Amino acid sequence: MTKLRQLVELFRPARYTLELRLERTARTFKGTVQITGELLAQSNEIKLHAKELTISSATIDGEPAPTTFGENNELTLTAAQALPVGEHTLTLTFAGQITDPMHGLYPCYFTVDGQAEELLATQFESHHAREVFPCIDEPAAKATFSLILTTEPEVTVLSNTPVTSQTTTDAQLVTSFETTPVMSTYLLAWVVGKLEYKEATTAEGVVVRGYATPGNAEKTKFALATAVKCLELYNDYFGVPYPLPKCDMVGLPDFSFGAMENWGLIVYRESALFVDSSTATASRQRVAEVVTHELAHQWFGNLVTMHWWNDLWLNESFATWMANYAQDKLFPDWQMWTQFYNQEISAALDRDSLQSIQSVQQEVDHPDEIQSLFDAAIVYGKGASLVHMAHAYMGADAFRRGLQKYIAQHAYGNAAATDLWAAWSEASGKDIGAFMTPWITQSGHPVVKVATEKSAITVQQQRFFASPAHANTEARLWPVPLLANTKLNPEILQTSVATISYAPSDRPLLLNTGRTGFYLTLYSPAHLAELAACISAGELAVIDRLGLLSEAHDLAKAGLQSTPQLLTLLAAYKDEASEPVWEVIADIVGSLKLLTNDDAQVQTDLKHFVGALAAKQYHRLGWERIVGESYFDELLRPLILNLMVYAEAPEAVAFAQKLFAKANNPEAILGDIRPVIFAVAARFGDQQTFEKLLSWHTPQATPEVRQHLAIGLSAATDPARITRLLDMLTTKQVKPQDIFYWFANLIRQQGTRAQTWQWLQNEWGWVTTNFGSDAHFTIFPRYAGNAFGSAEELASFREFFGPTTDDIRIGREVRQATENIEARVQWRERDLATIADYLKSGSHSDTAN
């Protein structure tokens, strides 16, 4: 295997003229591309990228140039004699296939009034443009694109820029588009098919449209309104106006990702774009999150692009942080910076605790490695958490001024992390490179141990590992902002150990107040008890309450605190009513379910514990929305109901069954509680109830309903029913884009786990064929790793996935999943007996009421 090289260092494209004829029914395309660019060193060869294309002719400056394919999708054009440095024009004719895997050029399937229909759409990120036309398929190879598409008639044809002309010739529609701005190949896009739209305009005159398949355009109105306000917000924040005259947002019936930020033509999974009156509160927020994320990319990623994929975090980490900033401004009731801890920081801390985890910034040596970079918890979550920490470290004004300078300096070009550090350093007067580089380039994060005395504290940092077996195996240092609730000097821990003087107050010392630091804090049991008293007295902010509990969860998993100590801490939360804190409590319950899932008595005791824990909020919130209730109460209700149903509280189960029996269609059930109702029906219902649920899973069902059915039906426990559900995955009864939902839900449930694991082993050939080239291929080992907690499951996972540890596509994920299960097995062996004793003793009863 030849190490990956960047072809843009040999030939730099400047202009593409691309003409394509799309034969949808024949599943083929053919075209011509003319590429004008600069040869940077004398050679008789020019190299491009092309994958699974048939090249019928090629010329360099009008002269025939034979072509050959090599490793890493390289296509070599060879001239008869050496070509001088400077501008050259390449022309190639080619053909290829339209295939079902959701990258390159692929079909999307839907129905209108029972009639089967199709769209054609593209997905070129990260390196799939080469599957549709010869090009230099690298982010630094920026150029303009002039596109002409020949398609069937009577369809909508969209691309990045407005249409300049449309004509019908020989019963074919020929559409020409304005030349794009200078941009990377992965941002070129088009969608062809029957579409309808809603339209709005920003204050600056940008036309924003929400496109959908017939009958669905109305569902884009919330996303459309959000997009208009967000574009106006970003125009002001970045100091550079959105550079295109239009911004289209298209809901695709089949799409592997949540969305893709193609410049001027953002495409979405329908569930990430559609909102109607029945949409759940959390789903509505998810739409706003995806819209604001993709619009942030129009500047951070599209206007200024990372030079190479090792800086993918520059795109994704910042867009994730910026989406939270925008939502916080547009929807202040959502308290996004409180939610940010659970959605990004906590999840990233958990995944970053593995010894085998990669750093945020990482090298890429093979094309198949690129798809493994899109690790949501690291590149998106940890990266965004580090951006959040940088924002707190330098201050909001300096942060913004630095970003504006960075964007202005590198607009329509490429940049690296060092360019961002330089802009922020100039704006803040601080050495941001020195502060951020250890966090970006090193995997892992520290745990800070705190020892308090009368007038001094001793703090010590070391890398935190989920498994105690790895403790003290690596000596790494980070500049750790201590962020104490009292004045400390120094305020940043840069050594392994430091003793710091401070003036004691009537409050116990708390580090990382506001939770902007990316680390854990380990207090002594006595100190933690003092902080618990502050929680009981209502003296800690929500962000610190949830952060302290989440830390205790992580520390218990790693053996740095006992799990009964964690459970005892929960007593301080007996009156907790904040949804973000309850998310942490639910995570703890999920961990306990995994640890105890093969002990019937302990499971029974755990259900009693959970029922007592959730009872107060259950009686406060009930099953229906309350007029004037807070946004967080709307989010909390389904979480509490889930806990009560897990606890098999008779009142909750009976009420859910009653609501399901009354419903004639899924939309008749409030979207917020729909997954809970479906789960009760699948878990406790008879065969007739199960058939009713299945009958609602139709192609006409909304994307959200299909997701809710995947959650609900996965609660089934009857083996024959589970077999039917698993058969749906391979017989096209479930859309390929939704199979990840189904697998994740089926593998995590105790009643369906064993059969789902066997299904994955039996159908691995089918999985590899259908998803092996997809960025979500890694989901299968990851979610299995998240669901397993016993020594037997660890052995089975190793036996099956062991041969794939060297597979570039999923090997890293397999190694990390193995380590994840190992850590959980160690936790189980260490604490299961004491957990059982704690739950049996009833010493937790004071957490209720």
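Return the residue satisfying two criteria in turn: it lies in the range 744-787 and is in contact (Cβ under 8 Å) with a residue 40 or more places away in the chain and under 21 Å from L832 (Cβ atoms), and of such residues it is most open to solvent (accessible area, probe 1.4 Å). Only one residue tops the list, namely Q750.
Going through the range 702-732 one residue at a time, which ones are assigned to a loop (DSSP other than H, G, I, E, B) and either at pLDDT below 95 or open to solvent by 20 Å² or more (accessible area, probe 1.4 Å) (or both)?
Of everything in the range 702-732, those that are assigned to a loop (DSSP other than H, G, I, E, B) and either at pLDDT below 95 or open to solvent by 20 Å² or more (accessible area, probe 1.4 Å) (or both) turn out to be T702, T717, D718, T731, K732.
Do you know which of the residues in the range 478-505 that are under 24 Å from I432 (Cβ atoms) and not in a loop (DSSP other than H, G, I, E, B) is most open to solvent (accessible area, probe 1.4 Å)?
Going residue by residue through the range 478-505, those that are under 24 Å from I432 (Cβ atoms) are 478-484, 487-496, 498, 500.
Within this subset, residues satisfying the condition of being not in a loop (DSSP other than H, G, I, E, B) are 480-481, 492-493, 498, 500.
Numbers: V480: 0, P481: 13, I492: 40, L493: 4, A498: 21, I500: 3 Å².
Restricting to residues being under 24 Å from I432 (Cβ atoms) and not in a loop (DSSP other than H, G, I, E, B), the top hit is I492.
Only a single item in (1) touching a Phe, Trp or Tyr at 6+ places or on another chain (Cβ under 9 Å); (2) at pLDDT below 95; (3) open to solvent by 10 Å² or more (accessible area, probe 1.4 Å) is not met by W308, and it is number (1).
Applying the selection to the range 197-238, what residues are more than 13 Å from L273 (Cβ to Cβ) and in a strand (DSSP E or B)?
To start, the set of residues in the range 197-238 that are more than 13 Å from L273 (Cβ to Cβ) comprises 199-207, 214-215, 228-238.
Those that are more than 13 Å from L273 (Cβ to Cβ) and in a strand (DSSP E or B): E199, A200, T201, V207.
Being surrounded by fewer than 16 Cβ atoms within 10 Å (Cβ to Cβ), not in a loop (DSSP other than H, G, I, E, B) and not acidic (D, E) is true of T111. Taking the numbered list (1) touching a residue at least 40 places away in the same chain (Cβ under 8 Å); (2) open to solvent by 10 Å² or more (accessible area, probe 1.4 Å); (3) within 21 Å of N324 (Cα to Cα); (4) part of a loop (DSSP other than H, G, I, E, B) in turn, P241 passes all entries but (1).
In summary, K382 fulfils each of the numbered conditions (1) open to solvent by less than 10 Å² (accessible area, probe 1.4 Å); (2) among the basic types (K, R); (3) more than 20 Å from the chain's Cα centre (by Cα) with the single exception of condition (3). Can you find a residue that is touching a Ser or Thr at 6+ places or on another chain (Cβ under 6 Å), of a type in the set (A, V, I, L, M), under 25 Å from V182 (Cα atoms) and open to solvent by 40 Å² or more (accessible area, probe 1.4 Å) anywhere in the range 6-26? Yes, that holds for at least one residue.
The residue that is nearest to the chain's Cα centre (by Cα), counting only those in the range 520-571 that are over 25 Å from L832 (Cα atoms) and not in a helix (DSSP H, G or I), is A541. The single residue among K616, K593 that is closer than 19 Å to Q826 by Cβ, open to solvent by 60 Å² or more (accessible area, probe 1.4 Å) and charged (D, E, K, R) turns out to be K593.
Residues that are open to solvent by less than 20 Å² (accessible area, probe 1.4 Å), of a type in the set (A, V, I, L, M) and not in a loop (DSSP other than H, G, I, E, B) within the range 174-189 comprise M183, L187, listed in sequence order.
Is it the case that some residue within the range 123-132 is among the polar types (S, T, N, Q) and modelled with pLDDT under 95? So far as the range 123-132 goes, yes, one or more of its residues are among the polar types (S, T, N, Q) and modelled with pLDDT under 95. So which residues in the range 478-506 are aromatic (F, W, Y) and touching a helix residue (DSSP H, G or I) at 6+ places or on another chain (Cβ under 8 Å)? Within the range 478-506, just W478 meets the criteria. Of all residues in the range 136-173, those satisfying the criterion of being part of a strand (DSSP E or B) and of a type in the set (S, T, Y) are T144, S146, T150, T151, T156, S159, T164, S165, T167, T168, T169.
Within the range 623-650, work out how many residues are open to solvent by less than 60 Å² (accessible area, probe 1.4 Å) and either in contact (Cβ under 8 Å) with a residue 12 or more places away in the chain or under 25 Å from L566 (Cβ atoms) (or both). Full working, then the answer.
As a first pass, look at the range 623-650 and keep what is open to solvent by less than 60 Å² (accessible area, probe 1.4 Å): 623, 629-641, 643-647, 649.
Remaining after also requiring either in contact (Cβ under 8 Å) with a residue 12 or more places away in the chain or under 25 Å from L566 (Cβ atoms) (or both): 623, 630-641, 643-647, 649.
Residues flagged as open to solvent by less than 60 Å² (accessible area, probe 1.4 Å) and either in contact (Cβ under 8 Å) with a residue 12 or more places away in the chain or under 25 Å from L566 (Cβ atoms) (or both) within the range 623-650 amount to 19.
Output the residues belonging to the range 317-370 that are in a loop (DSSP other than H, G, I, E, B), over 30 Å from E131 (Cβ atoms) and touching an Asp or Glu at 6+ places or on another chain (Cβ under 9 Å). Break it down stepwise before answering.
The initial filter retains those residues of the range 317-370 that are in a loop (DSSP other than H, G, I, E, B), namely 331, 335, 352-366.
Imposing the further condition that a residue be over 30 Å from E131 (Cβ atoms) reduces the set to 331, 335, 352-357.
Hits for the range 317-370 are Q335, S353, L354, Q355, S356, I357.
Restricting the range 670-701 to residues that are in contact (Cβ under 8 Å) with a residue 60 or more places away in the chain, out of contact with any Pro (no Cβ under 8 Å at 6 or more places or on another chain) and not in a helix (DSSP H, G or I) leaves a set whose member that is farthest from T111 (Cα to Cα) is L670.
Pairing residues of the range 47-58 that are surrounded by fewer than 23 Cβ atoms within 10 Å (Cβ to Cβ) with residues that are in a strand (DSSP E or B) and acidic (D, E), at Cβ distances under 7 Å and at least 6 apart in sequence or on separate chains, gives K47/E74. Set side by side, the residues Y618, Y631 differ, and just one is closer than 20 Å to H608 by Cβ and either hydroxyl-bearing (S, T, Y) or touching a strand residue (DSSP E or B) at 6+ places or on another chain (Cβ under 8 Å) (or both), which is Y618.
The values are calculated or read from the model by the stated rules, or taken from the named source; none is laboratory data. Since this is a predicted model, take the numbers as computed values, not measurements. Here the Cβ is made from the backbone with ideal geometry for all residues, glycine too, and neighbour counts use every protein chain on show. Areas reflect the complete protein model, heavy atoms only, side chains present, ligands, DNA and RNA absent. Shrake-Rupley method; radii C 1.70, N 1.55, O 1.52, S 1.80 Å.
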